[in-house]
Each structure stands twice: as structure tokens, then as C-alpha cells.
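A.B. asks: Supplied in C-alpha cells, the structure appears directly below.
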Amino acid sequence: MSSLVLDTNAWVWWSSRPEKLSRRQRSAIERLRRRGTDALMVSIMSCWEVALLCQLGRFRFTVPVERWLAEASEVPGVEVVPLSLPIIVTAARLTNLRDPADMLIVATALDHGAALVTSDARIVESGTVEVIG
């Protein structure tokens, strides 16, 4: 695998509580980071989802969410990727996932030819994208 997209929970866990990731997930991320390329991606949708989940009280950080997002987005080797028309069109076809954020994050991985680091059972069971679980 030459690149990875971290889903929202994987990004938060990797940044704040890496022990919550599986050994396989941690190893895949660290292998890419050692290469020193920007092959570790986070969808801009994950930034929105983190802000939303903080607003709803489901994520709590020791710093304001704006600061957490800025710091987590600037980690060397991590690229926050924007949405594009091809990603949006692909996401619209992934109706079996139901969650719009999941649809856009999976579509981002597909568009970039990347595996997705996730523990989301619905995504894993969909077989839509290569998963590092």
C-alpha cells in the first residue's frame, strides 16, 4: 500500500490515543510515516466531523477544537485533502454506507487509490474500499 486515508476516529485516536488503534493500523501508519511522504491523508470531512462531534460532546480534547484541528492538521507527513467533484460524485453512489461523512471519506480513499484506516463495521462490511482494520 502506497497511501492511507485515516477515517475520523482513526485520526483522532492516532493523534490523541494511539493505543486505541489496532496493532495493524499503528504499523501501517508508522510504515508510511517512516517513508517521509505525504501518503497519510485525512479528508477535510473529518475536520468537519471532529468539530461537529466536539459540539455534540462526543469528542473532548484538552485544548479548544480549533487548536486541536490546527495542530493535528499540521503534523508532518499528514495531508488534509479537499473534496473534489469526482469524490462527491463517487460518494453519492455509496448509498449503502448511509452516513454522508462516511460516504465522502470512503470516496476520498477510492479517489486517491488509498486504503482506509477504520474500525467502522459498516464500512468494513461494505467491501467498498480496502480497509486496514
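Each value in this text was obtained by applying a stated rule to the coordinates, not by laboratory testing. If you're wondering where the values come from, they're calculated on a predicted model, not measured in any experiment. Glycine gets a Cβ as well: all are built from the backbone with ideal geometry, and neighbour counts include every protein chain shown.
A.B. asks: Using DSSP to call loops (not H, G, I, E or B), can you name the trypsin sites (Lys or Arg not before Pro) in region 1-63 whose Cβ has at most 11 other Cβ atoms within 10 angstrom?
C.D. replies: ARG58, ARG60
A.B. asks: Tell me, ASP120, ASP102, ASP7 in order of fewest to most beta-carbon neighbours within 10 Å?
C.D. replies: Result, fewest neighbours first: ASP120, ASP102, ASP7.
A.B. asks: In the chain, what percentage of the DSSP-assigned beta bridges are antiparallel, given to the nearest 5?
C.D. replies: Percentage antiparallel, nearest 5: 0.
A.B. asks: Let me ask something else. Take LEU85 and SER16, extend 7 Å from each Cα along the Cα→Cβ direction, and tell me the distance between the two endpoints in nm.
C.D. replies: So the label points at LEU85 and SER16 sit 3.7 nm apart.
A.B. asks: Arrange the following residues from fewest to most other Cβ atoms within 10 Å of their Cβ: LEU53, LEU85, LEU69, LEU116.
C.D. replies: Listing LEU53, LEU85, LEU69, LEU116 from fewest to most nearby Cβ atoms yields LEU85, LEU53, LEU69, LEU116.
A.B. asks: A follow-up question, please. Name the most mobile residue of GLY57, GLY36, GLY77, meaning the one with the largest mean-square fluctuation, in a Gaussian network model of the chain with Cα contacts below 10 Å.
C.D. replies: GLY57
A.B. asks: Moving on. Label points 7 Å out from Cα along the Cβ direction at VAL63 and SER3: separation in nm?
C.D. replies: 2.7 nm
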